[in-house]
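Please treat every number below as a calculation from the coordinates, not as lab data. The shown structure was predicted, so the numbers you read here are calculated from the model rather than taken from an experiment. Reconstructed Cβ throughout: ideal geometry from the backbone, glycine too, with neighbour counts over all protein chains shown.
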Amino acid sequence: MSVQVILMERIEKLGQMGDVVAVKPGFARNYLLPQGKAVRASDANLKEFEAKRAQLEAENLEKKKEADRVATDLEGLGVVIIRAASETGQLYGSVNARDISAAITEAGVTIARNQVLMEKPVKTLGIFDFRVKLHPEVIVTVKVNVAQSQEEAEAQAERVARGEDAVITEAEQAAREIAEEAEAQAAAIAEAAAEMASGDTAEALKDAAEEAKEIVEEVREDTEDETGDETADEAGDENKG
């Protein structure tokens with residue numbers, strides 16, 4: 001069963017202003033009609049719409065121009081939202097449309113909560129793309145950087161720019177630091193061997209240094225694997241809970 005309505009503005013995946021479309025009664029009753037996005041397709045409403053079509057189209061054009069202007073201000077905008085989180089990057093709470101609209105507004109462009117299109121709240125640290133609806137025909141994308149501090153937000157942005165994952169958990173960071181320190185020590189041994197020794201002794205020490213590097217690499221890989229397993233286990237425990 002469906003009802004016919006006249007669209008008073010463009011509705012994504014449904015139609016343009018003035019189109020007569022069939023929709024489910026609940027969608028019309030709970031969304032389209034109360035928000036003024038459509039009217040029932042009666043003969044009287046059709047005549048009234050046609051009489052006002054030119055005026056409505058002119059008003060819509062002005063609104064679109066204003067939306068295009070705001071879209072220019074939002075182009076390339078990224079906002080930072082600071083939240084506390086666990087060692088695995090899970091937020092203590094969440095980031096919702098209200099938080100995002102407030103951050104964008106604070107950045108200088110006034111946005112209402114219902115203009116932020118998001119299916120579910122953000123519950124982890126990271127960088128996310130969200131669409132902001134300025135007009136039925138004008139939608140822009142804004143980057144939202146959720147971090148525990150401004151410094152961490154900058155680090156996340158730099159990692160993403162390099163094509164890496166935005167978030168590195170504390171356990172992963174510790175593992176990286178250990179591996180980097182061991183690698184630096186191995187490099188120092190190799191350099192010292194080259195400077196201090198000669199002949200076969202130098203080659204032997206150099207080979208030993210190379211072996212040390214290989215061991216360091218194996219340790220790094222094992223540590224990363226274990227960190228990944230722990231993170232997966234924690235995520236599984238949370239899902240069970």
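Each part reduced to its alpha carbon centroid, the range 1-45 and the range 123-156 end up 32 Å apart.
Magnitude of the charge dipole for the range 29-132, about its Cα centre and with charges confined to Cβ atoms of Lys, Arg (+1) and Asp, Glu (-1), is about 400 debye. With a/c under 1.5 counting as rounded, go ahead and sort the range 78-161 into rounded, prolate or oblate using the C-alpha gyration tensor (a ≥ b ≥ c being the square roots of the eigenvalues; past the cut-off, prolate if a/b is larger than b/c, else oblate). Prolate is the answer for the range 78-161, as a/c is 1.5 or above and a/b outweighs b/c. Close amide H pairs (under 5 Å, H built 1.01 Å from N) link Thr124 with Leu91, residues at least 5 positions away or on another chain.
Classify the range 3-73: rounded, prolate or oblate, from the alpha-carbon gyration tensor (a ≥ b ≥ c, eigenvalue square roots; a/c under 1.5 rounded; otherwise prolate if a/b is larger than b/c)? Note, shape of the range 3-73 comes out oblate.
Estimated from the Cβ-Cβ distance and a Förster radius of 22 angstrom, the FRET efficiency linking Thr72 and Thr105 is about 0.85. Between Ala22 and Glu217, the simple label model (points 7 Å from Cα in the Cβ direction) yields a spacing of 6.5 nm.
Return the tail of the calculated pair distribution for the range 79-119, meaning the percent of Cα-Cα pairs more than 15 Å apart.
Working: 374 of 820 pairs.
Of all Cα-Cα distances in the range 79-119, 46 percent exceed 15 Å.
Distance between the modelled labels on Ser86 and Met1, one decimal in nanometres: 4.7 nm (7 Å Cα→Cβ projection). In the structure shown, the pairs Lys24/Lys64; Lys64/Lys123; Lys13/Lys47; Lys123/Lys213 are assessed against 31 Å; a Cα-Cα span above that value is assigned to Lys64/Lys123; Lys123/Lys213.
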